[in-house]
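Below: the structure, in structure tokens.
The values are calculated or read from the model by the stated rules, or taken from the named source; none is laboratory data. If you're wondering where the values come from, they're calculated on a predicted model, not measured in any experiment. Neighbour counts run over all protein chains shown; Cβ positions are idealised from the backbone, glycine included.
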Amino acid sequence: MTGLAAPCVGAVFGKVWVTVYASHQGAVVKSQRVVMTRSQGNPYKLSLPPGSYVISAPQSYLPARTVSVRAQATTTADFSPHCK
């Protein structure tokens, strides 16, 4: 599971962060804190076994997404808001 993540705030590089969460059956199973160093967002990577997950990044103010992770495949969900 990969993608870009950025918070929906003014860019203060290195001081602003967003956390990406992967939930399965209502429970958070993985998360990663992403520190903002690029305006379009910074990459994240969550290693997940095959299955259906809800991926969210609340600080981006974008809706969560349901994704299907498959064996030996890369699934992508970006959370790069276009806000000011």
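Tabulated results
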| quantity | calculated |
| --- | --- |
| Residue within segment 53-69 that is in a strand (DSSP E or B) and closer than 13 Å to P7 by Cα present | yes |
| Top-ranked residue in segment 52-75 [being surrounded by 15 or more Cβ atoms within 10 Å (Cβ to Cβ) and of a type in the set (S, T, N, Q); ranked as nearest to the chain's Cα centre (by Cα)] | S56 |
| Filtered residues of segment 27-46 (kept if more than 10 Å from the chain's Cα centre (by Cα), modelled with pLDDT of 95 or more and not charged (D, E, K, R)) | A27, V28, V29 |
